[in-house]
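Everything below concerns the one structure shown next.
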Amino acid sequence: PYMHSAGIRAGYSSGVSYKGFRLHRMTAFEVDLLYNRHGFNLGALYEYHLEPFKKNTRTFIYLGGGAFGGDWEDEFSIGLAAVAGLEYTLRDLPLNFSLDWKPMLNLYAVFEPDLLDFGLSVRYRFGR
């Protein structure tokens, strides 16, 4: 797909986002510094991408999971996150767009799920 992309995510959790395809053509790492009603969180996700339309190699569905840590109701927290999304990469401009759902489960400090994290990301592609 591409090597690197960085940009912003807006939604329930908003902030800055980086995604890089490094290990395998259809897998990526995503790192986000986001703010939501609980506070700031730094998250890292491992994602697997699927091409639902073989003739259109710019549209992907992705699924993955990872961990996050940061502030949760004024307490230091660590938890797990999942992600499911749809991504589209423009052909002529170095931009991509994604719409995703990132449910979270806080495990340390306050045991609490947060399932309503939907967002839209716009990223600038660079490298390759």
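The values are calculated or read from the model by the stated rules, or taken from the named source; none is laboratory data. Just so we're clear, the structure is a prediction, and the values are computed from it rather than from any experiment. Glycine gets a Cβ as well: all are built from the backbone with ideal geometry, and neighbour counts include every protein chain shown. Heavy atoms of the whole protein, side chains included, go into the accessibility calculation; ligands, DNA and RNA do not. Shrake-Rupley method; radii C 1.70, N 1.55, O 1.52, S 1.80 Å.
Note that segment 20-32 has calculated 3J(HN,Hα) couplings of x, 9, 10, 7, 8, 4, 10, 10, 9, 10, 10, 10, 10 Hz, one per residue in order, obtained from phi through the Karplus relation 6.51 cos²θ - 1.76 cosθ + 1.60 (θ = phi - 60°); glycine and proline are x.
Solvent-accessible surface of the chain, averaged per residue with a 1.4 angstrom probe and all protein chains in place: 55 square angstrom.
Split the accessible area of the chain by element, probe 1.4 Å, and carbon with sulfur accounts for 70%. Computed from label points 7 Å out along Cα-Cβ, the spacing between F126 and F29 is 1.8 nm. The separation of segment 83-117 from segment 1-78, counted between C-alpha centres, amounts to 6 Å. Working from Cα pairs under 8 Å separated by at least six residues, relative contact order for the chain is 24 percent. Counting only Cβ charges, +1 for Lys and Arg and -1 for Asp and Glu, the dipole size of segment 1-97 around its Cα centre is about 660 debye.
In order along segment 56-63, phi translates into HN-Hα couplings of 10, 8, 10, 10, 9, 9, 10, 9 Hz, rounded to whole numbers, per the Karplus curve 6.51 cos²θ - 1.76 cosθ + 1.60 with θ = phi - 60° and x for Gly and Pro. List the residues of segment 1-38 whose backbone N lies under 20 Å from a point placed 7 Å from the Cα of D74 along the Cα-to-Cβ direction. So the set is 35-38.
With loop membership from DSSP and a limit of 14 other Cβ atoms within 10 Å, the longest segment of the chain without chymotrypsin sites (Phe, Trp or Tyr not before Pro) is 54-110. Note on W101/A6: beta-carbon distance plugged into 1/(1 + (r/R0)^6) with R0 of 22 Å gives a FRET efficiency of 0.55. Provide the FRET efficiency to the nearest 0.05 for the V16-A82 pair, computing r from the beta carbons and using R0 = 22 Å. My answer for the efficiency is 0.60. With all protein chains in place and ligands, DNA and RNA left out, the 1.4 Å accessible area ranks H24, H38 as H24, H38, largest first.
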